[in-house]
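Engineer: Okay, here's the structure, questions in a sec.
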């Protein structure tokens, strides 16, 4: 009788964030073991649920990163947009290589922030990490998700709870928004099934919704679900952001306004065997 193979151990950077809280339970449901690096182990249990191992520390602590990667077979690399992004993620990549991790998945920027280079601080930072990861020779998958519904459209749900207008930072540009749950579903497959999928899906996986919508269409959907006439107007610049993040957001708005986020790919359908969740589905759940 052959001994049953031990379940993979996935190191997860960013496991307590918006995407990580979706990703960790999905990995556990697939039978993987998960180790989450967190600065707040006491609070993190409520965020990620039972079953995950919690490792104290953060991405600015190389010793904590190295310790958390010991014994890991897979690694998921995600960190917030910040000036330290490159240094933090390169430290994870190097520690993963040194620890003998066999497969890495990096959550990168939207494809239009990286291609062509030189148009986005965020995209250029992610490009540096992608190139360094490729140079290690580690088997890996890079995920480049488009604008997230939960981020880009979550705001309008709040706006509709207090009024009859929604705001757009990029005019009438069309965007192929993607649901964060689809990003998490793809990330699970990239982590646990990536080597099998890579021959048919080489290069970065560009993740989008199946259809690009403008705010006229989104306002019409909102009107249907609320039963009210909904208008849209230009958004004011967000306040309280650091100069770096404010510049990144301004670059995003300019590129999206130029139509950079309109293209739709079939990557989600090819990876998951189903169509991506739609904006209509998202708004129906939030407003219905």
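Engineer: How about the stretch 116-155: which of its residues are closer than 20 Å to residue 261 by Cβ and in a loop (DSSP other than H, G, I, E, B)? Break it down stepwise before answering.
Structural biologist: Filtering the stretch 116-155 down to residues closer than 20 Å to residue 261 by Cβ leaves 116-127, 130, 142-155.
Hits for the stretch 116-155 are 116, 117, 118, 119, 120, 146, 147, 153.
Engineer: Across the stretch 62-80, what is the number of residues that are out of contact with any strand residue (DSSP E or B) (no Cβ under 8 Å at 6 or more places or on another chain) and surrounded by 16 or more Cβ atoms within 10 Å (Cβ to Cβ)?
Structural biologist: Taking the stretch 62-80 and keeping what is out of contact with any strand residue (DSSP E or B) (no Cβ under 8 Å at 6 or more places or on another chain), we get 62-63, 66, 70, 79-80.
Next cut, surrounded by 16 or more Cβ atoms within 10 Å (Cβ to Cβ) only: 66, 79.
Residues meeting the conditions: 2.
Engineer: Name the residues in the stretch 26-42 that are modelled with pLDDT of 95 or more and out of contact with any strand residue (DSSP E or B) (no Cβ under 7 Å at 6 or more places or on another chain), would you?
Structural biologist: Correct list: 26, 29, 30, 31.
Engineer: Just for the stretch 213-248: of the residues that are touching a residue at least 24 places away in the same chain (Cβ under 8 Å) and closer than 15 Å to residue 151 by Cβ, which one is surrounded by the fewest Cβ atoms within 10 Å (Cβ to Cβ)?
Structural biologist: It comes out as 235.
Engineer: State yes or no: is residue 59 assigned to a loop (DSSP other than H, G, I, E, B), within 21 Å of the chain's Cα centre (by Cα) and either more than 20 Å from residue 191 (Cα to Cα) or in contact (Cβ under 8 Å) with a residue 40 or more places away in the chain (or both)?
Structural biologist: On the way: assigned to a loop (DSSP other than H, G, I, E, B): yes; within 21 Å of the chain's Cα centre (by Cα): yes; either more than 20 Å from residue 191 (Cα to Cα) or in contact (Cβ under 8 Å) with a residue 40 or more places away in the chain (or both): yes.
In short, yes.
Engineer: If you go through the stretch 92-115 one residue at a time, do you hit one that is in a loop (DSSP other than H, G, I, E, B), without any contact (Cβ under 8 Å) to a residue 60 or more places away in the chain and under 14 Å from the mean Cα position of the chain (by Cα)? Steps first, please.
Structural biologist: Initial filter on the stretch 92-115 (in a loop (DSSP other than H, G, I, E, B)): 100-102, 108-110, 115.
Narrowing further to those that are without any contact (Cβ under 8 Å) to a residue 60 or more places away in the chain: 100, 102, 109, 115.
Now restrict to residues that are under 14 Å from the mean Cα position of the chain (by Cα): 109.
Checking the stretch 92-115: at least one residue is in a loop (DSSP other than H, G, I, E, B), without any contact (Cβ under 8 Å) to a residue 60 or more places away in the chain and under 14 Å from the mean Cα position of the chain (by Cα).
Engineer: Given (1) out of contact with any strand residue (DSSP E or B) (no Cβ under 6 Å at 6 or more places or on another chain); (2) surrounded by 16 or more Cβ atoms within 10 Å (Cβ to Cβ); (3) modelled with pLDDT of 95 or more; (4) under 26 Å from residue 119 (Cβ atoms), identify the lone condition not met by residue 282.
Structural biologist: With (1) out of contact with any strand residue (DSSP E or B) (no Cβ under 6 Å at 6 or more places or on another chain); (2) surrounded by 16 or more Cβ atoms within 10 Å (Cβ to Cβ); (3) modelled with pLDDT of 95 or more; (4) under 26 Å from residue 119 (Cβ atoms) applied to residue 282, the lone miss is (4).
Engineer: Something else about it: State yes or no: is residue 10 in a strand (DSSP E or B), more than 16 Å from the chain's Cα centre (by Cα), more than 30 Å from residue 247 (Cβ to Cβ) and free of Cβ contacts under 8 Å to residues at least 40 places away in the same chain?
Structural biologist: Values: in a strand (DSSP E or B): yes; more than 16 Å from the chain's Cα centre (by Cα): yes; more than 30 Å from residue 247 (Cβ to Cβ): yes; free of Cβ contacts under 8 Å to residues at least 40 places away in the same chain: no.
Judged against the criteria, residue 10 is not a match.
Engineer: So residue 288 passes all but one of these: (1) at pLDDT 95 or above; (2) farther than 18 Å from residue 143 by Cα; (3) in contact with a helix residue (DSSP H, G or I) (Cβ under 8 Å, 6 or more places away or on another chain). Which condition number does it fail?
Structural biologist: Checking residue 288 against (1) at pLDDT 95 or above; (2) farther than 18 Å from residue 143 by Cα; (3) in contact with a helix residue (DSSP H, G or I) (Cβ under 8 Å, 6 or more places away or on another chain), the one that fails is (1).
Engineer: Let me ask something additional. Considering the stretch 265-279 alone, what residues qualify as being surrounded by fewer than 20 Cβ atoms within 10 Å (Cβ to Cβ) and part of a loop (DSSP other than H, G, I, E, B)?
Structural biologist: Those that are surrounded by fewer than 20 Cβ atoms within 10 Å (Cβ to Cβ) and part of a loop (DSSP other than H, G, I, E, B): 265, 266, 273, 274, 275, 278.
Engineer: While we're looking at this one, here's another question. Condition first: modelled with pLDDT under 95 and assigned to a loop (DSSP other than H, G, I, E, B). Now tell me which residues in the stretch 182-213 satisfy that.
Structural biologist: 198, 199, 200, 201, 202, 203
Engineer: Report, by residue number, each residue of the stretch 156-181 that is in contact with a strand residue (DSSP E or B) (Cβ under 7 Å, 6 or more places away or on another chain) and either in a helix (DSSP H, G or I) or surrounded by fewer than 16 Cβ atoms within 10 Å (Cβ to Cβ) (or both).
Structural biologist: Listed by number, the residues that qualify are 156, 159, 160, 164, 165, 167, 180.
The values are calculated or read from the model by the stated rules, or taken from the named source; none is laboratory data. Not measured: the values here are computed from a predicted model. As a convention, Cβ positions derive from the backbone with ideal geometry for all residues, glycine included, and neighbour counts pool all protein chains shown.
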